[in-house]
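To start, the structure under review is shown below, and the notes come after it.
What follows is calculated from the coordinates using simple rules that are stated; it is not laboratory data. Since the model is a prediction, treat every value here as computed from it, not as a measurement. All Cβ positions, glycine included, derive from the backbone under ideal geometry; neighbour counts span all protein chains shown.
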Amino acid sequence: MAIGPPPRQFAGVKPLILKQRGRGAGLVLPISLRDIELFAFSARTDATVARLCASQGARTAFETVYSRWGDPWRSASLRYHYQRQKYEQVVALIPGGRFRRALDLGCGLGLLAPMLAGRVDEFLGIDIAQGAIDRARERYDCLPNVSFEQGDLLELPSSLDGRFDLVLVLDVLYYLLDLDDELLKQVVTRIADLSDPGGLCVLANHYFFGVDSGSRLSMRIHRAFTESSRFRLISEHYRPFFLVSFLESLPTPQARPQHHSFPKATL
Ligand SMILES: C[S@@+](CC[C@H](N)C(=O)[O-])C[C@H]1O[C@@H](n2cnc3c(N)ncnc32)[C@H](O)[C@@H]1O
């Protein structure tokens with residue numbers, strides 16, 4: 001994106017032009033001063049999630065932040081631009097054409113649904129928090145090809161395997177507890193199992209100039225996908241303040257055992 005006059009939606013808002021250093025240098029995103037407030041809210045939510053995850057587990061942690069704040073990352077708020085711009089940039093990068101079934105893992109309030117509903121036959125959003133699912137259903141009840149279900153991505157039933165030619169995972173995986181290399185490998189395999197071979201996986205995670213521990217965790221997550229024999233990297237894009245990778249799901253090698261160690265649940 002070139003530096004130029006601010007787009008219309010930024011009229012009256014003083015833009016901060018932040019350049020990404022290193023990979024992706026020259027890419028800029030105008031964020032408003034208000035978006036600094038958004039980052040503060042998100043940090044507060046993340047701190048609460050981390051504290052509750054450790055003491056009460058992931059499900060309770062995410063249910064709590066949705067019941068306390070409704071929109072814990074202010075993703076749907078019109079007051080801020082950052083999240084909306086993130087969705088728009090990611091969706092704009094998805095190659096053209098139609099998809100049969102899209103799966104949004106960790107869908108939150110389901111904000112990708114209206115942006116993709118016209119390009120997919122069916123869209124399913126899954127989130128660990130029933131509070132998020134209730135709100136997503138309420139928002140997008142009017143979209144007939146869109147549905148939302150509560151579920152933990154670590155415990156999805158095998159009935160979903162191989163069904164999706166578009167899988168989206170935006171800002172979710174770094175919340176997984178004890179995400180060591182072994183668990184990461186299992187998560188990559190599980191997501192590959194959900195995908196139709198030849199399908200597209202869109203993986204996006206926080207990335208702040210590569211300097212903070214969150215960026216380093218994101219790099220580790222993306223590397224696990226790109227190094228997996230179940231995915232082929234198509235392209236990756238560094239944007240302030242996220243990294244998005246587009247990956248093609250590959251068929252399971254014949255010799256590879258099909259099972260993995262996740263418990264199976266019914267949605
Ligand atoms: C930062 S929000 C991102 C929401 C959405 N993907 C977006 O980009 O707006 C993280 C979401 O991941 C969900 N989540 C976290 N762990 C999960 C898991 N194990 N399975 C399913 N969803 C999960 C949370 O409930 C939360 O809605």
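The table below lists the values:
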quantity	calculated
Net charge over other residues, Cβ less than 14 angstrom from the Cβ of ARG100 (K, R count +1; D, E count -1)	0
Cα-projected label distance for THR48 with LYS185, points at 7 Å along beta-carbon direction, nm	3.7
Cβ-based exposure ranking for ASP180, ASP134, in which fewest neighbours within 10 Å come first	ASP180, ASP134
ARG100/GLU227 FRET efficiency (R0 45 Å; Cβ-Cβ; nearest 0.05)	0.95
Least to most buried among ARG84, ARG100 (fewest other Cβ within 10 Å first)	ARG100, ARG84
Förster radius 35 Å - calculated FRET efficiency between SER213 and GLU149 (Cβ-Cβ, nearest 0.05)	0.60
Cα gyration tensor shape of the stretch 82-249, rounded if a/c is under 1.5, else prolate or oblate by comparing a/b with b/c	rounded
Computed label-point distance, nm, for sites LEU177 and ARG59 using a 7 Å Cα→Cβ extension	1.2
